[in-house]
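Here the structure is laid out as structure tokens; the discussion comes afterwards.
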Amino acid sequence: MKGSSQTKQSDREITISLQNVTISYGNSEAVRNIYCDIPRGKVTALIGPSGCGKSTILRSLNRMNDLIQGCSLTGRVLFEGADIYDPKVDPVEVRRRIGMVFQQPNPFPKSIYENIAFGARINGYTGNLDELVETSLKKAAVWDECKDKLNESGCSLSGGQQQRLCIARTIAIQPDVILMDEPCSALDPISTLKIEETMHELKKNFTIIIVTHNMQQALRVSDMTAFYNAEKLETGSGGKVGYLVEFNKTDKIFNSPTQKATQDYISGKFG
Amino acid sequence: MTQTKTTSHITKSDLAYDPGLNRNIFNNILTFTTAIFSFVSVLPLILVLSYVLIKGGSQINLSLITQLPEPPGDDLVSAGGIGNAILGTFIVTTIASIIAIPMGVGGGIYLAEYSNGGWFSRFIRFGTNVLSGVPSIIAGVCVYGVIVSTKIIFGANFSGIAGGIALSILMLPTVIKTTDEGLKLVSDDLRKGALGVGASKFITISRITLPTAFTPIATGIVLAIARAAGETAPLIFTALFSFYWPSGSQALFNPIASLSVLIYNFALEPYEAQNQLAWAASFVLVMLILLTNLFSRWLRNFTSINKS
Amino acid sequence: MTSGAEISYKQRRRPLTERLLDTGFKNLSVAMASMVAIILFGILIVVFWGSIESMGRYGLKFLITSDWNPVTDNYGAFTAIYGTIISSISSLIIAVPLGVGTAIFITENIIPEKISNLIGMMVELLAAIPSVVLGLWAIFVMEPFLRPFLTFLYKTLNWIPFLSTEPVGPAMAPAIIILVVMILPIITAISRDSLNQVPIQLREAAYGIGATRWSTILHVIVPAAISGIAGGVLLALGRAMGETMAVTMIIGNSNNFNWSILAPGNTIAAMLANQFGEADGSQVSSLMYAAFILMILTLGVNIFAQWMVRKLSLKY
């Protein structure tokens, strides 16, 4: 691994690879012709102005877009070399390896303990559940707040605690990759800081891909950054289509971007 | 405004309420009229309930609810009891529930969780609304035509099974709508959360969304059962009536009594004793239905307070 | 890094049973949903099939002749069709002002919330009273109570064809009144929901420019809620046409046509309830034909109601 060049990563380091991916809602394209190789064991941030399709891209990585009516994808999304959009692939299997944390904290209306145990059980966990609940909550840095009320409803926690519970729930199923869709946008600054600290811990064990509209957050947590932009569709219908402008190490993107659009965006000229 | 002032001074009397103004008279007349209308609207409930309570409630005793009714005749002091009709109502309603609840919940799950807004689901939603508007007597006529006259179910003619099937046709749209609407109240975030930890659709529905929507669905189903228990039209030529206890292995394949058909038959008899029994049966039926209604209201309010 | 996880997660690869359960459950729910369509078409086919013989014999003449005679085996359903239409329309004319008025009274802050909730609950409970109990009440309480008034109407206004017979017992008029009782809850409940859904801003806007309570209600709120109210009225019409038990018990079940609402009459539903059990031969087919007409009438009204609610509801 050490021998690989700076610009081109070897295949062994890539966990998810998007190859000429175009995603459409009905007849209108949302993102177009994306090529992107996401490295293993790193935090990758997807940034860009609203409407550039960064959340759409994220949701396509564990086939959450299947839930949206009329959403279709062309191109290939390779996870560890296997195309997850192959007709033979079961999306449920994909999601067991690529977990997801959502914008709104969404604990199940069950106890805190059950929130963690639910995912583990349906994944056929055979180990000690109590232990798993404790380690997951600890990894998500919410154990101290929860340890005395594991039997209370997950909804009784504060927003930031709920979000960390949702992270713990995802950690518990031991996915290879964790997707985070603007996980802090519904939270206050202090909770945000805690979640960012959690992410630093998590990247030792997991590949994390995070969508954020907050550039400071991308700078703070990520190793790699992909900048997406949107352009008006040629049809003149007013619709926009997103595309990948630049993908590189985070410090490169923020300090010496190669594209002018990236420069303009991170310096706050638009978006 | 009717009083226009040329000066900008506003004295106390300008702002005072003047009942003599046209607009105030108009307002009061309309308010009074709707008050009368509201009174008229609640009057039937009060009158019907009090007659049922007085004429029916006064006859209630243990033998009435445990004995069999006597066949009509003018030499009777008493027309007997309504025991078999109470039991029959329970049996027929249970049969209807066994058919309609799984089917309706399943259909509701399809509409709320699986359907994609395509022509099929739109058609099913539309069909559910249309089916709920089909007159109940027509459900009875059809079950008579398909099941009773053909003796298709083990050679049974008029039977409790046929009555239950007819009632289930009436329950089905209500159960579907209740389930559909109950599930739609569940936040999509929960579904995404479950799928995000690798749950299959079946597990998401059975372990997360259905339990979350349990109270509204259960409330609606309880109301649908109460409604079915009072239905008469689908039963008069499917379950028919019987003066005997349902008994033995053939109980469900023979004509069976029910409270509602007893009321219908005995109300139209020329004999006072039978008419009295109809009132007593009305009391029992109305009490069963009202208590179920109040219970489901309490259930709904109780849980909604707890949640907020 | 997956190796450790794979040990404790045996079902990381989903077992076949779980997969089968997943698809099986989906197919089951589709099958359950399809039952609605099957039942609906089944009802239409059964009723149509049963009425073919009578349709062939009488054709459209069935709709306009009022001779219904099982002895001579000659059937025409005009009496029942007339009864169905006149009873449902008349009851609607009485119930709409009552129901909408009640809905306004309990939604527009005229009285304390506790009382309006109580009124609302009582009207809803009225809907829970079984039709057959209302019929019983109509026979033994309401009709005897109404008869002096109806007799008075007859004596003073008997030059009007609709009031030209002397009231002697079960008749069209008490059936209309009991139908009013039965459809009142529907109209009230749906009007109440529609009025409650009118955005509060509209109300505030009207009050803000100095409108009185009733000019706000009549010019702003009711027009905004009209789609729901109209849909509710149509649903009530459909219900009134198909309502069976209470009507059968009080309408008199006469096969002879009479213009007067003080005379015994019939409706299609009442005729079915009353004769279907004992009918045989071509009477069954004629009853099925009548049932088919009732089915078409109620389907038409219900579909129109659904269409109207969807069409008008985008207004505000």
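The values are calculated or read from the model by the stated rules, or taken from the named source; none is laboratory data. Model, not experiment: these values are computed from the prediction. Methodologically, a virtual Cβ is constructed for each residue, glycine included, from the backbone with ideal geometry; neighbour enumeration extends over all protein chains shown. SASA here: full protein model, heavy atoms, side chains in, ligands and nucleic acids out. Shrake-Rupley method; radii C 1.70, N 1.55, O 1.52, S 1.80 Å.
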Calculated [θ] (222 nm, deg cm²/dmol) that DSSP helices of n ≥ 4 give over chain B, each run adding -39,500 (n - 2.57): -20000 deg cm²/dmol
Two-site FRET efficiency, residue C:204 against residue B:15, from Cβ-Cβ distance with R₀ of 25 Å, rounded to 0.05: 0.75
Pair-distance profile P(r), taking every C-alpha pair of the range C:15-77, with 5 angstrom steps and integer %: 4, 14, 13, 12, 10, 8, 7, 7, 6, 6, 5, 4, 3, 1, 0
Violating pairs (Cα-Cα greater than 26 angstrom) within the set B:192/C:26; B:184/C:311; A:139/B:184; A:54/A:249: A:139/B:184
Neighbouring partner chain Cβ atoms per residue of C:171-182, average, 10 Å criterion: 1
Percent antiparallel among DSSP beta bridges (both partners in the protein assembly as shown, rounded to 5): 65 percent
Relative contact order for chain C, counting Cα pairs under 8 Å that sit 6 or more residues apart, in percent: 26 percent
Stokes-Einstein diffusion coefficient of the range C:138-191, Kirkwood radius over Cα pairs, 25 °C, 0.890 mPa s, in µm²/s: 200 µm²/s
Largest to smallest accessible area among B:142, A:71 [probe 1.4 Å]: A:71, B:142
Loop-located trypsin sites (Lys or Arg not before Pro) in the range A:164-220, at most 14 other Cβ atoms within 10 Å (DSSP): A:204
Ratio Rg/Rh [Cα only; Rh per Kirkwood] for the range C:52-315: 1.05
Most mobile of C:32, C:122, C:182 in a GNM of chain C (Cα contacts under 10 Å): C:32
Between 0 and 90°, nearest 10: helix A:129-139 axis offset from chain A longest Cα axis: 50 degrees
Within a Gaussian network of chain B (alpha carbon springs, distance under 10 Å), most fluctuating of B:17, B:271, B:244: B:17
Shielding by partners - mean other protein chain Cβ count within 10 Å, residues of C:120-128: 6
Whole-number percent relative contact order across chain A, with pairs defined as alpha carbons under 8 Å at least 6 apart: 25 percent
Over the range C:1-147: Kirkwood hydrodynamic radius from C-alpha pairwise inverse distances, Å: 23.0 Å
Accessible surface of residue A:215 - all protein chains present, 1.4 Å probe, nearest 10 Å²: 40 Å²
Percent of Cα pairs exceeding the 39 Å cut-off, where the set is the protein assembly as shown: 54 percent
Relative contact order for chain B, counting Cα pairs under 8 Å that sit 6 or more residues apart, in percent: 25 percent
For chain C, calculated [θ]222 nm from helices alone, where every DSSP H run of n ≥ 4 adds -39500 (n - 2.57): -24000 deg cm²/dmol
Selection from A:233, A:69, A:128, by position along the positive dipole direction of chain A (Cβ): A:233
Trypsin sites (Lys or Arg not before Pro), loop per DSSP, at most 15 other Cβ atoms within 10 Å - longest free stretch of chain C: C:14-314
Calculated Rg and Dmax of the range A:83-125 using C-alpha coordinates, Å: 13.0, 37
GNM result for chain A, Cα springs below 10 Å: residue of A:197, A:13, A:145 fluctuating most strongly: A:145
Accessible surface of residue C:41 - all protein chains present, 1.4 Å probe, nearest 10 Å²: 110 Å²
Distance between the range C:259-310 and the range A:55-69 - C-alpha centres, whole angstrom: 52 Å
Relative pair counts by distance (%), Cα atoms of the range B:52-132, 5 Å bins: 3, 12, 12, 14, 11, 7, 7, 9, 8, 8, 6, 2, 1, 0
Spin-label model distance (nm) - residue A:129 vs residue A:255, 7 Å beyond Cα toward Cβ: 5.0 nm
For the range A:76-212, radius of gyration divided by Kirkwood radius, i.e. Rg to Rh on alpha-carbons: 0.97
Debye log10 I(q)/I(0) at q = 0.10, 0.12, 0.14, 0.17 Å⁻¹ for the range A:11-266, Cα point scatterers: -0.49, -0.71, -0.95, -1.33
Calculated Rg and Dmax of the range C:65-214 using C-alpha coordinates, Å: 20.6, 71
Nearest-0.05 FRET efficiency for residue C:304 and residue A:233, computed from C-beta distance (R0 56 Å): 0.85
DSSP H segments from chain C that extend 15 Å or more along their own axis, Cα-based, with Kyte-Doolittle mean of -1.0 or above: C:16-58, C:78-107, C:113-128, C:143-157, C:172-197, C:222-242, C:282-312
Span-like helix ranges in chain B, DSSP H, alpha carbon extent 18 angstrom or more, Kyte mean at least -0.5: B:22-51, B:83-109, B:119-133, B:160-184, B:214-229, B:272-307
For chain B: Kirkwood Rh in Å [reciprocal of mean 1/r, alpha carbons]: 23.2 Å
Cα→Cβ-extended label distance, 7 Å offset, between residue C:23 and residue A:196, nm: 4.8 nm
Centre separation in Å (Cα based) which lies between the range B:25-55 and the range B:179-258: 35 Å
Within the range B:279-301, backbone nitrogen closer than 18 Å to the virtual label 7 Å beyond the Cα of residue C:117 toward Cβ: B:293-301
Centre separation in Å (Cα based) which lies between the range B:102-139 and the range B:275-305: 28 Å
Estimated FRET transfer efficiency (residue A:22, residue C:311; beta-carbon r; R0 35 Å; 0.05): 0.40
